[in-house]
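To start, the structure itself, in structure tokens.
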């Protein structure tokens, strides 16, 4: 018979991220990954969403915010101190470049990133 570490299983079950819609954008966040992932951006209020994500990250103690955005939204994220990690030509419908960017929010996370 296989013996399992029940405490570890319970901790893993509790540490679950969720996916929700915030201001028309699709967001994944939670303690499992200790971050917010902007999976789909609604460009109607980009700066407002950035502020909302910042507030959410502080409230929940997340270490970073990671975003997948169209090139046209880069300036708003850049002005909010996001760092561009990658550019994928034609990522959105084969026409619009996709940018992957992030902002690191805690010193521990900043020190462990390469």
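The values are calculated or read from the model by the stated rules, or taken from the named source; none is laboratory data. Treat the numbers as computed from the prediction; the structure is a model and nothing was measured. Here the Cβ is made from the backbone with ideal geometry for all residues, glycine too, and neighbour counts use every protein chain on show.
Looking only at region 11-29, which residues are modelled with pLDDT under 95 and in a loop (DSSP other than H, G, I, E, B)?
15, 16, 17, 23
Could you tell me whether region 56-70 includes any residue that is over 12 Å from the mean Cα position of the chain (by Cα), surrounded by 12 or more Cβ atoms within 10 Å (Cβ to Cβ) and modelled with pLDDT of 95 or more?
Scanning region 56-70 turns up at least one residue that is over 12 Å from the mean Cα position of the chain (by Cα), surrounded by 12 or more Cβ atoms within 10 Å (Cβ to Cβ) and modelled with pLDDT of 95 or more.
For the subset of region 73-94 comprising residues that are in a helix (DSSP H, G or I) and touching a strand residue (DSSP E or B) at 6+ places or on another chain (Cβ under 7 Å), which member is nearest to residue 52 (Cα to Cα)?
Only one residue tops the list, namely 77.
How many residues does region 30-50 hold that are part of a helix (DSSP H, G or I) and touching a residue at least 24 places away in the same chain (Cβ under 8 Å)?
Counting residues in region 30-50 that are part of a helix (DSSP H, G or I) and touching a residue at least 24 places away in the same chain (Cβ under 8 Å) gives 6.
Considering only region 51-72, how many residues are more than 10 Å from residue 101 (Cβ to Cβ), in contact with a strand residue (DSSP E or B) (Cβ under 7 Å, 6 or more places away or on another chain) and either touching a residue at least 60 places away in the same chain (Cβ under 8 Å) or not in a helix (DSSP H, G or I) (or both)?
4
Tally up the residues in region 47-68 that are touching a helix residue (DSSP H, G or I) at 6+ places or on another chain (Cβ under 6 Å) and within 26 Å of residue 95 (Cα to Cα), please.
The qualifying residues number 2.
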